[in-house]
Amino acid sequence: MTSLAAALAGRGRRAAMALSATLVLAGLVVGGPVAAQEKPRIAMLGGPLWDPFFGAMKKGGDDAARDLGVDYQWITGTDPNNFVADYAKLVKQAASQKPAAMVIGNYFPDTLDPIIKEITASGIPVIIQHDGGASWKDVGAISYVGFSARDLGRAVGELEVKAGAKFGLCVNHVPGNTTLDLDCLGYNDAFKAAGGDSKVLTIQFSDASNQTFVTSAIKGALQSDPRIDAIWTIGAVQGVASVEAVKQTPDRKIVNGSLGLSLGSLEALKAGDLLFIADLQPYLDGYYALLAAYQYVQYKMLPMGQISTGPLILTKDNVDEVLKVNENYPGVRGAS
């Protein structure tokens, strides 16, 4: 991905150089000699950095800002017990600074949709990143960088059904996040289509990074419902916890899949404790969203519609390649 990022950045620089050269040759000078334009200021609001998923997203934004010469700021909340309210406040504060553009992860549409509508109505261009794909047009955003949540859930459910599962457990660790709700609905679609079923285990966001707590919750769900023969966790921390929960329930055969990369989840995949990891490639979310915002601010160009960045399905067959990337380019794949 680093080579791709460099190639994209190179195109942006070459386009800017060509534009400057054209203006000089044509004798078009506005306000004096042609000079380097002031760096555009772009605010990117993302998820908490205690999750390696968002660390990779931030790195994508960092690298794009460096390559493109953008004055960029990554903004996120730090308190898991008050994240929704804090994040909404941060979005408003960032908009009040009148940046050239904003990239916003719309994690809680019920709270954020009205705020984002006000921002776009004020004339600030907004790109929705990763979460909020279902409503990005409704809030007035100019583009969306991410994935189709329901299609993702359906795809991973089909993988588990193909492996022999009949009743799945979707672990939602961010209740109120519409994207994860759609993930679990798509997961259920796959099981229903195959004549099976699934259920949702909800874990409060404030407990989501507590691996011991999540392990206990998943183990409890397995013990309370003997129908469950598959698990899908929608995060790397939760994926590692699910592996431990399955090990603590040795009398059951459980098909186990996850989403999001950490060193622990990749090692579990290599060991065969996870069937797959759905990689949403958050580095690309950060890089492409900032690139699209920059090109819109500078050139009034933007991609037509959604930019899809995932999922890329990782299995035992290709995990070594990702582990090698993690050694050479720490943080790009979200692995820590």
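The values are calculated or read from the model by the stated rules, or taken from the named source; none is laboratory data. Predicted, not measured: the structure shown is a model, and the values here were computed from it. Every residue, glycine as well, gets a Cβ built from its backbone with ideal geometry; the counts of neighbours run over all protein chains shown.
Out of 179, 111, report the one residue that is assigned by TED's automatic domain parsing to the domain that holds residue 219 and polar (S, T, N, Q).
Numbers: 111 fails: assigned by TED's automatic domain parsing to the domain that holds residue 219.
Matching residue, one of 179, 111: 179.
Checking the condition in the same structural domain as residue 217 (by TED's automatic domain parsing) and closer than 22 Å to residue 44 by Cβ, which residue from 174, 200, 156 passes?
Numbers: 200 fails: closer than 22 Å to residue 44 by Cβ; 156 fails: closer than 22 Å to residue 44 by Cβ.
From the options 174, 200, 156, the qualifying one is 174.
Taking region 99-114, which residues are touching a strand residue (DSSP E or B) at 6+ places or on another chain (Cβ under 9 Å) and of a type in the set (D, E, K, R)? Steps first, answer last, please.
From region 99-114, those touching a strand residue (DSSP E or B) at 6+ places or on another chain (Cβ under 9 Å) are 99-107, 112; that's our starting set.
None - no residue of region 99-114 is touching a strand residue (DSSP E or B) at 6+ places or on another chain (Cβ under 9 Å) and of a type in the set (D, E, K, R), so the list stays empty.
Quick one: would you say residue 128 is in contact with a Phe, Trp or Tyr (Cβ under 7 Å, 6 or more places away or on another chain) and free of Cβ contacts under 8 Å to residues at least 40 places away in the same chain?
Numbers: in contact with a Phe, Trp or Tyr (Cβ under 7 Å, 6 or more places away or on another chain): yes; free of Cβ contacts under 8 Å to residues at least 40 places away in the same chain: yes.
When the stated conditions are applied, residue 128 passes them.
For region 250-300, how many residues are acidic (Asp, Glu) and under 20 Å from residue 149 (Cβ atoms)? Spell out the reasoning first.
If we filter region 250-300 for residues that are acidic (Asp, Glu), which is where we start, we get 251, 267, 273, 279, 285.
Next, from what is left, pick out any that are under 20 Å from residue 149 (Cβ atoms): 279, 285.
Within region 250-300, residues that are acidic (Asp, Glu) and under 20 Å from residue 149 (Cβ atoms) number 2.
Taking only pairs six or more apart or across chains, which ones have beta-carbon atoms under 9 Å, a first residue in region 84-96 that is touching a residue at least 60 places away in the same chain (Cβ under 8 Å), and a second residue that is outside any helix (DSSP H, G or I)?
84/77; 84/107; 84/108; 84/176
Within region 148-164, take every residue that is of a type outside the set (D, E, K, R) and buried (at least 24 other Cβ atoms within 10 Å of the Cβ) and give me the one that is modelled with the lowest pLDDT.
Restricting attention to region 148-164, the residues satisfying the condition of being of a type outside the set (D, E, K, R) are 148-149, 152-153, 155-157, 159, 161, 163-164.
Then keep just the ones that are buried (at least 24 other Cβ atoms within 10 Å of the Cβ); that gives 149, 153, 156-157.
Values: 149: 95, 153: 98, 156: 98, 157: 98.
Among those that are of a type outside the set (D, E, K, R) and buried (at least 24 other Cβ atoms within 10 Å of the Cβ), it is 149.
Wholly within region 222-328, which helices (runs of 4 or more DSSP H) include no fewer than the required count, namely at least 1 residues that are surrounded by 23 or more Cβ atoms within 10 Å (Cβ to Cβ) and among the small types (Gly, Ala, Ser)? Steps first, answer last, please.
On the way: elements: 236-247, 263-271, 282-299, 319-328.
Helices (runs of 4 or more DSSP H) meeting the threshold: 236-247, 263-271, 282-299.
Just wondering, is there one or more residues in region 121-141 that are part of a helix (DSSP H, G or I) and surrounded by fewer than 24 Cβ atoms within 10 Å (Cβ to Cβ)? Spell out how you get there, then give the answer.
At the first step, the residues of region 121-141 found to be part of a helix (DSSP H, G or I) are 121.
When the remaining residues are screened for being surrounded by fewer than 24 Cβ atoms within 10 Å (Cβ to Cβ), the result is 121.
Yes: region 121-141 contains one or more residues that are part of a helix (DSSP H, G or I) and surrounded by fewer than 24 Cβ atoms within 10 Å (Cβ to Cβ).
If you scan region 96-114, which residues turn out to be among the small types (Gly, Ala, Ser) and outside any helix (DSSP H, G or I)?
First, pick out the residues of region 96-114 that are among the small types (Gly, Ala, Ser): 96, 100-101, 105.
Listed by number, the residues that qualify are 100, 101, 105.
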